[in-house]
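Participant: Below is the structure I would like to discuss, written out as structure tokens.
Since every read-out is calculated from the coordinates, none of them should be taken as a lab result. Keep in mind that this is a model prediction, so the values were computed, not measured. Methodologically, a virtual Cβ is constructed for each residue, glycine included, from the backbone with ideal geometry; neighbour enumeration extends over all protein chains shown.
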Amino acid sequence: MTATPATTRQHTVVDSPYGDLTLVATDGVLAGLYMTEQRHRPPEETFGEPDPRPFGETVRQLEAYFAGELTEFDLPMNLHGTPFQRSVWAELERIPYGETRSYGELAEQLGKPGASRAVGLANGKNPVGIIVPCHRVVGASGSLTGYGGGLERKRRLLDFERGADSAVPALF
């Protein structure tokens, strides 16, 4: 039997216009971005030791995003999920900044037109909110539905990306 190599987990908490964000790395690679009071947020004890070192580039890109200077993240990520969840998360990354897609549209794009509920569940389990933009998914009518960080945050993120949220405070 082959021993599984041990993984190292670190985390740090950064301020954002949408509340504190907990960044989690597995073996030095971004594996989680969690908001306060987020649904499906893992227990704090799973985040590993406090250590800001693995997150320099993530923080730099988040600062640029919240300053309105970055519309697409380019970060290595170590996302853990089922193959279907990972396919949904990959599709989320294809939604352009400032635009939205419905759960049904994502299911169609994945070649699974009847899987909008499954897409919604996978979307809700996205471990790297904002960077993998699950906030850009809306109901079939365009209504704001389900968001692990809360509907008010979702609305504000969408308004920000559309240039309508002028009251966003400075980051960090």
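Participant: Estimate the FRET efficiency between Asp74 and Arg155 by the formula 1/(1 + (r/R0)^6), using the beta-carbon distance for r and 22 Å for R0, to the nearest 0.05. All intermediate terms of the calculation are to be shown ahead of the outcome.
Facilitator: Working: r = 26 Å, r/R0 = 1.19.
So the FRET efficiency works out to roughly 0.25.
Participant: Quick check: the distance between the Cα centres of region 107-142 and region 1-66, to the nearest angstrom?
Facilitator: Cα centres, region 107-142 to region 1-66: 22 Å.
Participant: In terms of modelled amide H atoms, which long-range or inter-chain residues lie less than 5 Å from the amide H of Leu30?
Facilitator: The list, which skips near neighbours in sequence, is Asn78.
Participant: With equal scatterers on the alpha carbons only and no solvent term, can you work out the Debye log10 of I(q)/I(0) for region 83-161 at 0.12 1/Å?
Facilitator: Result of the Debye calculation: -0.27.
Participant: Over 19 Å apart: what share of the alpha carbon pairs of region 9-66 falls there, rounded to a whole percent?
Facilitator: Values: 364 of 1653 pairs.
Everything past 19 Å amounts to 22 percent.
Participant: What is the sum of charges around Pro76, taking Lys and Arg as +1, Asp and Glu as -1, for the other residues whose C-beta is under 12 Å from the C-beta of Pro76?
Facilitator: Values: positive: none; negative: Asp27, Glu57, Asp74.
Local charge sum for Pro76: -3.
Participant: Next up: Could you size up the charge dipole of the chain around its Cα centre, putting +1 on the beta carbon of Lys and Arg and -1 on that of Asp and Glu, and report it in debye to the nearest 20? Let's see the in-between values first.
Facilitator: Working: 17 positive and 22 negative charges, 128 e Å.
The calculated dipole for the chain is roughly 620 debye.
Participant: Work through the residues other than Arg101 whose Cβ is under 10 Å from its Cβ and net out their charges, Lys, Arg +1 and Asp, Glu -1.
Facilitator: Numbers: positive: Arg94, Arg136; negative: Glu91, Glu99, Glu105, Glu108.
Computed value for this residue: -2.
Participant: Here's another thing I want to ask about it. HN-Hα J couplings of region 29-38 from phi, Karplus 6.51/-1.76/1.60, θ = phi - 60°, integer Hz, Gly and Pro as x?
Facilitator: 10, 3, 10, x, 9, 10, 8, 5, 6, 7
Participant: Now for a different question. Would you work out which of His135, Thr71, Leu23 lies farthest towards the positive end of the dipole of the chain, given +1 charges on the beta-carbon of Lys and Arg and -1 on that of Asp and Glu, about the Cα centre?
Facilitator: Working it through, the farthest residue towards the positive pole turns out to be His135.
Participant: While we're on this one: For each of Leu23, Leu110, count neighbouring Cβ atoms within 10 Å of the residue's Cβ, then give the residues from fewest to most.
Facilitator: Numbers: Leu23 23, Leu110 17.
So the residues, fewest neighbours to most, are Leu110, Leu23.
Participant: At each listed q (0.11 Å⁻¹), what is the log10 of I(q)/I(0) that the Debye formula gives for the chain modelled as equal alpha-carbon point scatterers?
Facilitator: Values, matching the q order: -0.45.
Participant: I would also like to ask the following. Just add up the charged neighbours of Pro42: K/R +1, D/E -1, any other residue whose Cβ is under 13 Å from the Cβ of Pro42. Mind showing how you got there, number by number?
Facilitator: Working: positive: Arg9, Arg39, Arg41, Lys125; negative: Glu44, Glu45.
Net charge in that neighbourhood comes out at +2.
Participant: Let me ask you something else. Tell me what the chain gives for mean residue ellipticity at 222 nm when only DSSP H runs of n ≥ 4 count, each as -39,500 (n - 2.57), the sum divided by the residue total, rounded to 500 deg cm²/dmol.
Facilitator: The helix-only estimate for the chain comes to -8000 deg cm²/dmol at 222 nm.
Participant: Neighbour counts of other C-beta atoms within 10 Å: give me Thr145, Thr82, Thr12 arranged from fewest to most. Numbers along the way, then the final one.
Facilitator: Working: Thr145 15, Thr82 10, Thr12 19.
Lowest to highest Cβ neighbour count: Thr82, Thr145, Thr12.
Participant: Quick one: what are the phi-derived ³J(HN,Hα) couplings along region 75-81, Karplus 6.51/-1.76/1.60 with θ = phi - 60°, whole Hz, x for glycine and proline?
Facilitator: Using θ = phi - 60°, the values come out as 9, x, 9, 10, 9, 9, x Hz.
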